[in-house]
Amino acid sequence: MALFRQRLPRKPYHTDALGDGLRIRDVQRALAARYIQPNQPHHRYWLVYDVDRSGAALDWSDRSAPPPTIVAQNPANGHAHLIYGLDVPVRTAPDAKSAPLRYAAAVDCALRALLDADPGYSGLICKNPLSPFWRVTEWEPRLYELGDLDSWLDLSAFSDRRKRLPDYGLGRNCNLFERLRQWAYRAIRQGWPEYDRWHEAVLTRARGYNDFDTPLPESEVRATAKSVAKWTYQRLSPSGFAAVQAQRGRRKGEKDRALM
């Protein structure tokens, strides 16, 4: 619980009632709220799952799932948020390496499936285990490595990198980034615009691609758009594209001559 408090964002989203909307203010003032943002904007310290069933605090055991680090349960109906702490946080910013993020997303999606947790849960806020409103239980004292969680799961449905991940949790981050970068590689060649115009075009496209049933927060969409716009603008240019095309032409010519 002390680590949960320590890892909170400096100014987390929070609320006492979901219907009242979210507020942002200093963490000291947000600590008593019933719901709070558990993760930093670009680091996933906790994997959180929304289990809307009575007895959710123990339901994970019946499904042979790994024990959660913390369970925050509604005493009125038994529904709960299952919170899994990671020893090494997953960097979700688009400049992070894609392979580790894809692996983390596969673990996230597989664990959600095993728990049969709500696929529409956004993960932005969770039941605050520091609030006395919930019934709180601590289960696993040791933080998890992704490999620890992997050993409980079947990732075969999510291992093919050519296939789109489910639009859930970290899967949404991967899907938005992949879709946006593939568009950007083609689009920037259509006029080679100045950076400000290019960034605005990428951001507009990113917002359009954020059409998940549970969309990503605007801050994550903006971060992804900025990363893709900056990378493509710095790495792709008319001269660079011409050089790549020339190299491909030479390789094709060498291959054709070898077949003669």
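The values are calculated or read from the model by the stated rules, or taken from the named source; none is laboratory data. Keep in mind the model is a prediction, meaning the values are calculated, not measured. Cβ sites come from the backbone with ideal geometry, for glycine too, and all protein chains shown count toward neighbours. These area figures cover heavy atoms from the full protein model, side chains too; ligands, DNA and RNA do not enter into them. Shrake-Rupley method; radii C 1.70, N 1.55, O 1.52, S 1.80 Å.
So the values come out like this:
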| item | result |
| --- | --- |
| Of residues in segment 1-54 being open to solvent by 20 Å² or more (accessible area, probe 1.4 Å), outside any loop (DSSP other than H, G, I, E, B) and of a type in the set (Ser, Thr, Tyr), the one farthest from Pro141 (Cα to Cα) | Tyr13 |
| Boolean, Ala76 is assigned to a loop (DSSP other than H, G, I, E, B), open to solvent by 10 Å² or more (accessible area, probe 1.4 Å) and free of Cβ contacts under 8 Å to residues at least 60 places away in the same chain | yes |
| Check on Asp148, among the acidic types (Asp, Glu), over 19 Å from Asp213 (Cβ atoms) and not in a loop (DSSP other than H, G, I, E, B) | yes |
| Scan of segment 63-73 for residues that are in contact (Cβ under 8 Å) with a residue 60 or more places away in the chain and either outside any strand (DSSP E or B) or open to solvent by 10 Å² or more (accessible area, probe 1.4 Å) (or both), ordered by number | Ser64, Ala65, Pro66, Pro67, Pro68, Thr69, Gln73 |
| Some residue of segment 99-118 being open to solvent by 10 Å² or more (accessible area, probe 1.4 Å), assigned to a helix (DSSP H, G or I) and under 17 Å from Thr214 (Cα atoms) | yes |
| Hits in segment 202-217 (condition: part of a helix (DSSP H, G or I) and open to solvent by less than 40 Å² (accessible area, probe 1.4 Å)) | Val202, Leu203, Ala206, Tyr209 |
| Only one of Arg189, Arg197, Arg251 that is at pLDDT below 85 and open to solvent by 90 Å² or more (accessible area, probe 1.4 Å) | Arg251 |
